[in-house]
1. Which net charge results when you count Lys and Arg as +1 and Asp and Glu as -1 among the other residues whose beta-carbon is under 15 Å from that of residue 217?
2. Around residue 23, with a cut-off of 14 angstrom between Cβ atoms, what is the net charge of the other residues, counting Lys and Arg +1 and Asp and Glu -1?
3. What is the sum of charges around residue 445, taking Lys and Arg as +1, Asp and Glu as -1, for the other residues whose C-beta is under 15 Å from the C-beta of residue 445?
4. Share of antiparallel DSSP beta bridges in the chain, in percent to the nearest 5?
5. Step through the residues of region 110-120 one at a time and calculate ³J(HN,Hα) from phi using the Karplus curve (6.51 cos²θ - 1.76 cosθ + 1.60, θ = phi - 60°), rounding each to whole Hz and writing x for Gly and Pro.
6. Can you tell me what the convex hull of the Cα atoms of region 384-520 projects to on average, as an area in nm²?
7. Rounded to the nearest Å, what's the spacing between the alpha carbon centres of region 334-391 and region 72-142? Just the number, please.
8. Between region 281-319 and region 489-525, how many Å separate their Cα centres?
Amino acid sequence: MSAPWKYEKDRIFIRRLIALLGIFFLLILVLISRVFYLQILQGDRYRLLADKNRTSIRLTLPSRGNIFDRNGVKLAENKKNFQAVLIKEEALDIQQSLENFEKIISLDEDEKLRIQKEIKRKRPFMAIRIKDGLSFSEAAALHLNAPDLMGIHIEEDLIRSYPLKETNAHLIGYVSLMNDKDLEENPDNPLADLPGYRIGRTGLENSFEESLKGTPGIRKREVNAYGRSVRVLEETPALKGESLNLTIDTRLQEIALKALGKESGSAIVMDVNTGEILAMVSSPSYDTNIFTMPVPVKVWRSLIDNEKRPLQNKALTGTYSPGSIFKLVVALAALENKVIHPHKKFYCGGKITIGNHDFHCWKHGGHGMLDLEDALMHSCDVYFYEIAQQIGAEKIIEMAKRLGLGAPVEIGIKGEREGLLPTNEWKKKRFNDSWRTGDTVNLSIGQGFLTTTPMQLAFMTAQIANGGKKIKPHLIQGMGLNEAKSLGLKQSNLNLIKRGMNKVVNYEKGTAYRSRINVNGEKMAGKTASTQVRRISKKERAKGIIKQEDLPWKYRDHGIFAAFAPVQNPRFAIVVMIEHGGGGSSSAAPVAAKILAETLKLYPKQSKR
């Protein structure tokens, strides 16, 4: 029989064994729980710390194609840019990393809001732009604090730059960062998720976006536990976008913009034989570089609240009554349809009366008897009132279309306006009213419903100057017609028009005589126009018409001047439009004379263009 103390010893052993087993199973449970917590619940957070190294695959931003002028001057290029980006899956605590970032570089409220939206929208492995345009010292400070900025990388990429700033703003346009609307319209764009990716907004940057933007590359990197790059494992380089070579001469661009000064308007210089556009500026201009980064609200307001509309390309999207420049169209229509002969004369007594309405000439006392050449020289309104009634609006509009009015010229920039060539059908549809004689009379001097763009007027002037050859105005080298075709106009009629334009500038009584030029014997011929923006009442005519300089700026007439040079063997056409300039002879003609004189100096007869 066993002693009692032996049973007690067994019980103590069993209790201790059970306790040890309990502790063992508890440790196993804790270990399993911890593994579950680390691997399942906190797997994303500790993946980087659990693995010594991992790989990261990213698209790389392609270099945008450069834009050059006709002489190889860079108008749009790419420069180095430092930017900070965040990759969510590489950050242990996203908000903490951003807070640490702000201790080094501040972020405004708009930037914070954008970052939070992208954090929600983008997938974990996609880079999110935090801030770009960083200075070298800012980039260095971020690199120094990398351990506290997990998931944040400093990358060097390229950003668009416009070396000549305001000179080519409306022509080249600008690029800017993608916004929510862009993403909605093109959600499948692979470049949209690249931080710092910018798209062409206006001008050639927008019109040639597809060829300029290039193709993204792929970079496979090895990164350490802190998300810092260890080495590049594999890389497919991005393909640079195609470059554009323009017909524009930067020297003329600068000359034209300087000649316009503080005026609101535009200027265009075109080769009458090839259709190459040598200059196209709109004033006032702006520095396109401001749009490559988020634009400060104050700067944006200063641009959109400016009554002279600096953001508008007035050469292509400004629509105006062409005024007396349209008399060239009316004259050609009358000659081509044999309504008048070259020496047909009419009497101008200062006005004509149709029904119960008086239609006045700009010269109160009238011009007396004159023929077509002199009517162009003096810009007599009554002469054109008379011939317009004989030929009719339909034939006039037909000639306008033939010369390139009423439709976009399509020089290579999107958004060009087409203007308006009014017809009887149009008026019935628009006003539920039929065409009247008064409408034809207004049409004859380029007023009424008629509107054109400066580019259309330059196109028209060039085709008159070159002897009636149909050309293709263009900005991109090689996009013109190989061979100009005839518009089917009689040379004798075109020569008559050109003689009248010569008298406008080079005869003492011509409306643009004070703006005549002589560059090594080469002169210009042209036509002035002043287009009303307000109606002059009978009461004002009786009392005395208010002088332009006494009117508020927005009520002054627009001034336009269309010209070509040299008079013999024309090579260049120009149109200058001055909004509320007060008159074509006083505002637009002197500006055009300066630009055209410099054009003749830059391109003397002996040189090959």
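Every read-out reported here was derived from the displayed coordinates using simple, explicitly stated rules and does not represent laboratory data. Predicted, not measured: the structure shown is a model, and the values here were computed from it. All Cβ positions, even for glycine, are placed from backbone atoms using ideal geometry, and neighbour counts span all protein chains on display.
1. Numbers: positive: 58, 64, 213, 219, 220, 221, 240; negative: 155, 156, 157, 193, 234, 235.
Value of the local net charge: +1.
2. Numbers: positive: 15, 16; negative: none.
Local net charge: +2.
3. Numbers: positive: 327, 351, 363, 527, 535; negative: 358, 381, 386, 439, 557.
Combined, the nearby Lys, Arg, Asp and Glu give 0.
4. Details: 75 of 78 bridges.
So the antiparallel bridges amount to about 95 percent of the total.
5. 5, 5, 4, 5, 5, 4, 5, 5, 6, 4, 6
6. Numbers: hull surface 44.4 nm².
So the Cα hull casts an average projection of 11.1 nm².
7. Between the Cα centre of region 334-391 and that of region 72-142, the gap is 68 Å.
8. That distance is 36 Å.
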